[in-house]
1. Considering the dipole of the protein assembly as shown built from charges on the beta carbon (Lys and Arg +1, Asp and Glu -1) around the Cα centre, which of A:388, B:265, B:326 is farthest to its positive end?
2. Would you check chain B for Lys pairs whose C-alpha atoms are within less than 22 Å, ignoring same-chain pairs closer than 8 in sequence, and give me the count?
3. In whole percent, what relative contact order does region A:106-167 give with Cα contacts below 8 Å and a gap of six or more residues?
4. What quantity of accessible surface, computed with a 1.4 Å probe and excluding non-protein components, is buried in total between chains B and A, in Å² to the nearest 100?
5. Could you give the dipole magnitude of chain A about its Cα centre, charging the beta-carbon of Lys and Arg +1 and that of Asp and Glu -1, in debye to the nearest 20?
6. If you look for lysine pairs in chain A that are eight or more places apart or on different chains, how many of them have Cα atoms under 28 Å apart?
7. Which one of A:114, A:142, A:157 has its Cα pushed farthest toward the positive end of the charge dipole of region A:106-167, where Lys and Arg give +1 and Asp and Glu give -1 at the Cβ?
8. Give the span of chain B's Cα atoms along each principal axis, as three whole-Å numbers ordered largest to smallest.
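The values are calculated or read from the model by the stated rules, or taken from the named source; none is laboratory data. All values reported here derive from a predicted model rather than from experimental measurement. Here Cβ is always computed from backbone atoms with ideal geometry, including for glycine, and neighbour counts include all displayed protein chains. All accessible areas refer to the heavy atoms of the entire protein, side chains included, with ligands and DNA or RNA removed. Shrake-Rupley method; radii C 1.70, N 1.55, O 1.52, S 1.80 Å.
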Amino acid sequence: MATWAGREDPSAPTELLRLTGVSKSFGPVSVLRGIDLTVHRGEVMVLLGENGAGKSTLIKLIAGIHRLDSGSIQFDGVPVQFHSVAQGEAAGIATIHQELNNVPQLSVAENILLGRLPSRAGFVTPGAIRRRARQALARVGLSDLDVDQPVGRLGVAHQQLIEIAHALDVEAKLLILDEPTAALTAEEISALFAIMVDLRSRGVGMIFISHHLDEVARVGDRVAVLRDGDLIDVVPADTDQARLVRMMVGRDIADQYPRHRQTDGESEVLLDVEHLCQGKRLLDICLRARAGEVVGLAGLVGAGRTELLRAIFGADHYDTGVVQVCGRRLASGRLRQGIREGLGLVPEDRKSQGLVAQASVRENIGYATLASTAHAGFVDRAGQAGRAEAVARRLRVRMRDVDQPVADLSGGNQQKVVFARWALAGSQVLLLDEPTRGVDVGARVEIYEFINDITAAGATVVMASSDLPEVLGMSDRIVVMNSGRIVGEIPADQATSDQVMALAVRDVESPEASGGANPPEVSGETDRAQAPNHGDPIKDGGNR
Amino acid sequence: MSLTDEMDTALPEVRSAKLGRYMLDSAQKNGILLAFVVVVIVFSILQPAFLSPSNLTNLVLQYAYVLILALGMLMVIVLAQIDLSVGSVIALTGAVAAVVCVRGGAPWWAGVLAALGVGLLVGLWQGFWVAVVGIPGFIVSLGGMLIFRGLAQLLLDYKSLSPFGGVYYDISNGFLNGLFGGDGFDVFTLVIFAIAVVGYAASQWKARLGQIKYRQTVAPWPAFLAKLVVVAVVALAFAWQISHNRGLPVILIILAVFIMVYGLLMGRTGFGRHIYAIGGNILAAQLSGVKVKWVTFWTFVNMGFLAAVAGIVYSARMNGAQPAAGNGFELDAIAACFIGGASTTGGIGRIGGAVIGGLIMAVISNGMQLMGVSQGVQPVVKGLILTIAVAFDLWNRRRSATVAG
Ligand SMILES: Nc1ncnc2c1ncn2[C@@H]1O[C@H](COP(=O)(O)OP(=O)(O)OP(=O)(O)O)[C@@H](O)[C@H]1O
Ligand SMILES: [Mg+2]
């Protein structure tokens, strides 16, 4: 089965996929118009575009999830129109979708083989399932994972890797990756890129979607830029970033990390966490955030950043320690009290924790302010709508109107809705967990500007992010977590990505095996942070 | 933790859990089984006649239909659906069988086939609306509950129709005994149970070997042996008791076959695993190429089939069909699933759990009847037990999640 057409016969045509005049509308909304695109064997085609530009819709047309309105698709030399995912997979198209699509109750192994469980005489064969799952997992570097545990127990990054494994299990001719790196840290991204390079050498064609422009040149061969459903152009992957941004958003973005720093370290302490412990997940955490300050939380997956934010917010209980907000002590696990004292949390996984998918944009934005703005127990409908409208416009949420269900929005726009909710709530202490995951360059700057505004108004922001350039570029102070502890603190204007990574990967259990023991992974990150983009985070920080 | 190195770290050969830890874990995991044991002990203390040969036999004959319904209901519930119509389907299929056999004078198997055929038709009907049209099962089966009850009444002309007699009657009231003789007890029954116990031990042993082969943590030896011994003792004691009554009930064999078949179906076939996938995350299932409509459709068809089987079993037990038969049975079946650990949001639930849940319901009903508890108190107790069982399960799960996480 592992024969690659491109390799078997060098004279075979190199064209793998050809889209001609592809168009798609959802009801009255035209999402894609007349797209012509070709992908070759052994080529990585990067798809760039703002949130809602139509990238995911395009790949769903190819994979057989949506039907074309007009146009045609030619795959492997024959015209095709897949009516189901299974048909697409049978033809050799594997897809990693943008949102996490696991069944949390099923085991890791079953998730990896879902839709194609091996069976003999009608009975699934657990042995074969485990074996194939292990093979696929080994390719994403997770050979130690217990394949029998339910996926729901794992963190977001592991779940993402499992989805990648799910796609790699198909011996695909075309692999589609819709924002696979959004939930991964530098290390895992490097591992994924290594897999992609390997597949490319074997003649597999790939379509790769990402909002991280530095990744374009790292793995891409060509770049197709979509804007508002139109294909703007297809250019080589080494095109400079400023030009790519201009093609994407139709205007120039001068500075990708426009942080206005203003603290002098003397302002009021708004968030004070002392000796917080939670099982083995959080060990003696002490953290302070002052008015006007952005504290960046860096660390690898599983370092405890999400756990810390959730414990502070009151979403989870902690065992010992003290959390004070604006001088007032919060009881463990008392979420509503936290909100009342001015805490807000933008959670990591928008789908399961942040949004009510079937509810409208307006309702989703309004949940945190429903009670506080109500008059005599009645919801202030008009006011809620007006405010939601204003924030949504401000963050450039691409939608029909505020009454559209959030389930219909593109991934990045859903993230903006979660953010908008706490923006509206006027939190004094805003906890952000991966706030710009899946958000496009333009909208990311809007979110950063928003962070600047609220910190200028005296609020404080604690931001956990796996996007190192973002942490370096937007924080005033970087706190590095590792295995449930805080292992270091660096003022952002002196920090380098190497420094942060060295702390993040250090083996805290046995200090001997410390520091730069893992140079390959660290250098992967260095690439990303120091790629020649204008708005270099470190320099910017220094200039202000 | 690095992702790329440590790939070849060898794992220990056999990972055997610590005994104490294991006992705690399995007590948590098997909370429902413990609850069942407690209920049995409580009733046997309150009412010594509970464990008598004739009562145990009676228990099996009387509540077989709940267990059969619970099998199909579990699948529907894991799919994150519900079927409220099964009680009415019991009445309808029983009526059809009675019309064919009693009124028409046809042989017993014609009645059985006709009832099964009608059950399948019911399943096709409901499956169509749920899977193809996309109406929630709650609504479709609420309609079905009315439709099939009405049809049963029309078919029976509002009167009961009896008696079946003969082979049909024996489906739920017959016994296999005397094949190997025995003095005051039935050797055949004991032999069958002995074979079953050996089979169980062999399958557990095989599973353990498999787990060791795949380097999973296995139960420590003493716990493993203790479990086998306890199961063997309980099963053989049960066999000993019923062998002193009338021998091996036919319905018990039918039940055992169904439980095994459906246990395999849910645990080991692609169809079963896809039911879990759809109930757990329908979107993920769809994007992975699972045929969501197809699986949903056949799950409902299967529910119709099993409701027909339950209808046959129940009408045979009653030796006749009544227009009001099966009233409220859907609730017994649903309760059995939830007591047995199924999740209200789908994706979680086991056939074994549903069976134990059904047994708990059966034991409680039977025990209270034996003790002469008044009519009004019985549903109150059952309702309380359902609520508490599910609350306990939730609490237990949350606690173990914290421990494990
Ligand atoms: N099922 C649907 N019904 C209605 N509108 C939809 C549906 N799916 C997508 N859309 C709309 O189509 C547009 C394109 O969405 P798409 O998901 O393709 O964007 P995207 O380029 O992938 O964005 P992102 O970077 O945020 O993931 C959006 O405006 C979205 O609201
Ligand atoms: Mg998308």
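1. B:326
2. 8
3. 48
4. That pair hides around 3000 Å² of surface in total.
5. Dipole of chain A, to the nearest 20 debye: 1340 debye.
6. Lysine pairs meeting both conditions in chain A amount to 14.
7. Ranked along the dipole, the leading option is A:114.
8. Principal extents (Cα only, largest first): 75, 60, 40 Å.
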